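Only the coordinates and a few stated rules stand behind these numbers; no lab work does. The structure displayed is predicted, hence computed values, not measured ones. Quick reminder, even Gly has a Cβ in these numbers, built from the backbone with ideal geometry, and neighbours come from all protein chains shown.
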Amino acid sequence: MDANVSEFSHIGDILVLPLFEGTEKAPNNALNGLSRTQRSLVNEALASESFTGKNGKHLSVWTPECRVVLVGMGECPSDKECRDGGAKTLAALSKDYGTNITVRFTTGWTTSMMALFAEGMILRDYDFDKYLQKNDDENQENWSLDCQASRRHQEILKSEVSKSVAITKGVHMARELGNEPANIMYPEEFARRATEWAKDKSNVEIEVWDYARLQKEGMHGVIAVGKGSERKPCMVFFRLNPTTDKNKQVPCIVGKGITFDTGGISIKPSAGMWDMKFDMHGSATVFGLFVALYESGYKGRVNGITCMAENMPSAGAYRPGDIIDTYSGKTIEVLNTDAEGRNVLADGLWKSAELDPSYIVDLATLTGACVVALGHEASGLWSNNDDLSARIHAAGNAEDEIAWPMPLLPAFEKEMTGSKVADVQNLGKGRWGGACTAAGFLKQFVQERDGEQIPWAHLDIAGTAWGASTNAMVANGATGIHVRTLHRLITE
């Protein structure tokens, strides 16, 4: 979507008027440029009982040469209601009326509220339809958005809308990667796209460790999970502004990238297995985050690691009962090959510490138990550092990407270190607290520095990476979750 900001001037094919409850007459400047007939039609609609201005209510008014959409915002909309209002408005529009949208913010709108409404429209402007045949009569043009407000709002609103466009490129990249089917998006293809994206970007570096390099480095957690597939595993390293602040500790973000998860030898039920193409969304978020940071012009140094594998059953696949080495030197007893995400992250987390990070955040569609606990409304958040946890929680709240703090109790860790034959086991004692024991497992692979563990947080996004029907920003499929959260965490 092309988006710009201007004062009240020309009108596009569609005029959107977001109005507050109780509005019975068009505010000043709302109908500038419309004919007398058009003004009359809009004011008649506003004065009628058909439009009350209640939150979430829309009314379309046909006028010659322009469709006018009245959007109810309620009395005093929250940040979420402003953002959702924009998203739902775009979702309700049809390109049959044209693709040039004018949104006019008039009486009662603050600059912040305007920016959030616009952001909602920009975020919603994504559909995964590349594999659908298109009818010749379908309008395939992109939406364009002109946000109109009075002069005093111009400078800040332009800055905020431009920032939203930049960050949304990263969100949409994460969605695109997540939505791709597994026959298209496999580990080496993810690496290829990352390399292609970084081409000609002087402040971005991508390094790929292929299967041979993983073997050389001893990345046996990643290797074990991916060796059963014809599509061999790899690791992709992202570096933004790699020559900046070389002696400064900077964030490192680690992503689980299981491009398809059959469960391996511990095979999953067939019902619903198709959505295991989304099991690489942790890595998709890492990729999307770096796109967002680059597009928004962030000048700081940031590192990222994505652990890519396809978990397939075959004669060469790893088995329940196997004991595997990891990059850390610690061994893992495999009790279930479907608890594979933690195995690849074991290598990624240990490697991340070698980059001397200020903090580590990992993202993973890790456990069904997290979905049981939090549904599709929030990601689970575990951390060994209260300050980091609080910052992620606050950033998620600001972006309406809730990261809910969960307990990292010693008992959960003890379950995962209770193997009699290996240093850790990849499954807890039973079904209870499965998301918490998974976090306890990951904590065993966070290195110490100066006598204590490096600050680390784990985001279980199994419930928020897809299927979040209450997320107004998303039509369907992958959500791009936490690209915005982490962008805010790192940049602010």
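Whats the longest run of the chain with zero trypsin sites (Lys or Arg not before Pro) that are DSSP loop and have at most 14 other Cβ atoms within 10 Å?
Values: sites that count: 25, 54, 130, 134, 199, 201, 246, 248, 299, 420, 429, 431.
Answer - 300-419.
Remark: segment 372-382, residue by residue, has Karplus-estimated 3J(HN,Hα) of 4, 6, 10, x, 9, 9, 8, 7, x, 10, 10 Hz, where x stands for each Gly or Pro and the curve is 6.51 cos²θ - 1.76 cosθ + 1.60 at θ = phi - 60°. Take the Cα radius of gyration of segment 245-369 and divide it by 2.2 N^0.38 Å, N being the number of residues; the result is 1.17.
Each DSSP beta bridge with both residues in segment 167-491 is either parallel or antiparallel, and the antiparallel ones are about 50%.
Distance from the Cα centre of segment 104-135 to that of segment 12-38, in angstrom? Comparing the Cα centres of segment 104-135 and segment 12-38, I get a distance of 19 Å.
Report, in degrees rounded to the nearest 10, the 0 to 90 angle that the Cα long axis of helix 79-92 makes with the longest principal axis of the chain. On a 0 to 90 degree scale, this one is about 70. Axis angle, to the nearest 10 degrees, between helix 187-198 and the longest C-alpha principal axis of the chain: 50 degrees. Ignoring lysines fewer than eight residues from residue 130 along the same chain, the ones with Cα atoms less than 29 angstrom from its Cα are 88, 95, 163, 169, 199, 201, 232, 256, 268, 277.
All other residues with a Cβ under 10 Å from the Cβ of residue 249 taken together, and with Lys, Arg as +1 and Asp, Glu as -1, what is their net charge? Can you show the working numbers first?
Values: positive: 248, 301, 449; negative: 245, 356.
That works out to +1.
Ellipticity at 222 nm from helices only: DSSP H runs of n ≥ 4 in the chain, each -39500 (n - 2.57), divided by the residue count, give -10500 deg cm²/dmol.
The residues packed around residue 47, meaning those with a beta-carbon under 14 Å from its beta-carbon, carry a net charge of -1 if Lys and Arg are +1 and Asp and Glu are -1. For residue 25, a cut-off of 15 angstrom between C-alpha atoms picks up these aspartates and glutamates, skipping any fewer than 8 places away in its own chain: 44, 49.
Taking a Cβ cut-off of under 12 Å around residue 325, the surrounding Lys, Arg, Asp and Glu residues balance to a net charge of -4, with basic ones at +1 and acidic ones at -1. What the phi angles of segment 416-433 give under the Karplus curve with 6.51, -1.76 and 1.60, with θ = phi - 60°, is a coupling list of 7, 10, x, 5, 8, 10, 8, 5, 9, 10, 9, 8, x, 6, x, 7, 7, x Hz, glycine and proline written as x.
In segment 197-258, which GluC sites (Glu not before Pro) are in a loop and have at most 11 other Cβ atoms within 10 Å, using DSSP for the loop call?
230
This ranking places 281, 220, 376 by how few other beta-carbon atoms lie within 10 Å of each, fewest first, which gives 376, 220, 281.
Here the 3J(HN,Hα) profile of segment 71-76, calculated from phi with Karplus coefficients 6.51, -1.76 and 1.60 at θ = phi - 60°, is 10, x, 10, x, 7, 8 Hz, Gly and Pro shown as x.
When 266, 48 are sorted by how many other C-beta atoms sit within 10 angstrom of their C-beta, beginning with the fewest, the order is 48, 266. Reducing segment 310-354 and segment 364-413 to their Cα centroids gives an inter-centroid distance of 23 Å. Compared with the dominant principal axis of the Cα atoms in the chain, helix 434-443 is inclined by about 70°.
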